[in-house]
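Written below as structure tokens is the structure these notes are about.
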Amino acid sequence: MGIGAYKQRIPEPDQALPGRTTSMAVINRHHVLGRPILPPYPAGLQQVQFGMGCFWGAERKFWSTPGVHTTAVGYAGGVTPNPNYREVCSGETGHAEVVRVVFDPAAVTLEALLRVFWEGHDPTQGMRQGNDMGTQYRSAIYCADASQLAVVLASRDAFQAALSARGFGTITTEIRSPEPPFFFAEDDHQQYLSKHPGGYCGLGGTGVSCPIGIDVGAD
């Protein structure tokens, strides 16, 4: 399999790091939007988790989207409870780097958020995103409920057709419902590119337009 091949596989529960019972301490104020990042969130809002490579650049895409109430970065989809960044980078937790997006469905549709997701990275790369290699960088969507799942699957099929027409391969995005537990990342990772404007962002899309996602603006 080669050196580092274990980072291309999700570890079995008995092989994953044990983690801890204490959740990560974070400042409960979004560095850009000024709103709380911790639940509970206001009534009527919805949430979804997106993994699209390094979560620094991914989070910026969503906090910049009108209709998004708040965002936070964290780890999800793996085994280890409350991991830290070093542990996730080891490939021994099974987690992906994800963005929790809390949004107002009266101001922005899930389809519109999915368009940001699909066009903002290359979802055909498996356990990587560009030069970032490993399970933590896999493409993922973790849905809050079955109604979200139906929208996500329809969007995947539509984007797959668009990708195939341009010669790209099969979408490898991990799609799950209900969403797995979300573990907050360290505070410095929250809204990282606002705190560090010159920081690394390795995201790059395919250049293929997603044929879904029209914003529903609040009147």
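Some values worked out for this structure:
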| quantity | calculated |
| --- | --- |
| Meets criteria (assigned to a helix (DSSP H, G or I) and in contact with a strand residue (DSSP E or B) (Cβ under 7 Å, 6 or more places away or on another chain)) for V152 | yes |
| Residue count for the range 124-149, restricted to those that are part of a strand (DSSP E or B) and β-branched (V, I, T) | 1 |
| Test for Y200: is it out of contact with any helix residue (DSSP H, G or I) (no Cβ under 6 Å at 6 or more places or on another chain) and touching a residue at least 60 places away in the same chain (Cβ under 8 Å) | yes |
| Meets criteria (in a loop (DSSP other than H, G, I, E, B) and among the aromatic types (F, W, Y)) for F168 | yes |
| Among (1) in contact with an Asp or Glu (Cβ under 7 Å, 6 or more places away or on another chain); (2) of a type outside the set (K, R); (3) not in a helix (DSSP H, G or I), the one test that V102 misses | (1) |
| Conditions (1) within 17 Å of the chain's Cα centre (by Cα); (2) modelled with pLDDT of 95 or more; (3) surrounded by fewer than 15 Cβ atoms within 10 Å (Cβ to Cβ): number failed by G204 | (2) |
| Residue, modelled with the highest pLDDT, within the range 123-142, restricted to residues that are touching a Leu at 6+ places or on another chain (Cβ under 9 Å) and surrounded by fewer than 20 Cβ atoms within 10 Å (Cβ to Cβ) | T124 |
| The listed residue being in a strand (DSSP E or B), buried (at least 16 other Cβ atoms within 10 Å of the Cβ) and touching a residue at least 40 places away in the same chain (Cβ under 8 Å), out of V73, V26, V79, V88 | V73 |
| Per-region count, the range 101-122, residues farther than 16 Å from V151 by Cβ and surrounded by 20 or more Cβ atoms within 10 Å (Cβ to Cβ) | 4 |
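So that you can scan it fast, the table gives a plain yes or no per residue for (1) out of contact with any Asp or Glu (no Cβ under 8 Å at 6 or more places or on another chain); (2) more than 23 Å from P36 (Cβ to Cβ); (3) surrounded by fewer than 15 Cβ atoms within 10 Å (Cβ to Cβ); (4) among the polar types (S, T, N, Q):
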{"residue": "A154", "(1), (2), (3), (4)": "yes, yes, yes, no"}
{"residue": "Q160", "(1), (2), (3), (4)": "yes, yes, no, yes"}
{"residue": "S164", "(1), (2), (3), (4)": "yes, yes, yes, yes"}
{"residue": "G167", "(1), (2), (3), (4)": "yes, yes, yes, no"}
{"residue": "T170", "(1), (2), (3), (4)": "yes, yes, yes, yes"}
{"residue": "P180", "(1), (2), (3), (4)": "yes, no, no, no"}
{"residue": "P211", "(1), (2), (3), (4)": "yes, yes, yes, no"}
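The values are calculated or read from the model by the stated rules, or taken from the named source; none is laboratory data. Because the structure is a prediction, the values reported are computed rather than measured. Positions of Cβ are backbone-derived with ideal geometry, glycine not excepted, and every protein chain shown enters the neighbour counts.
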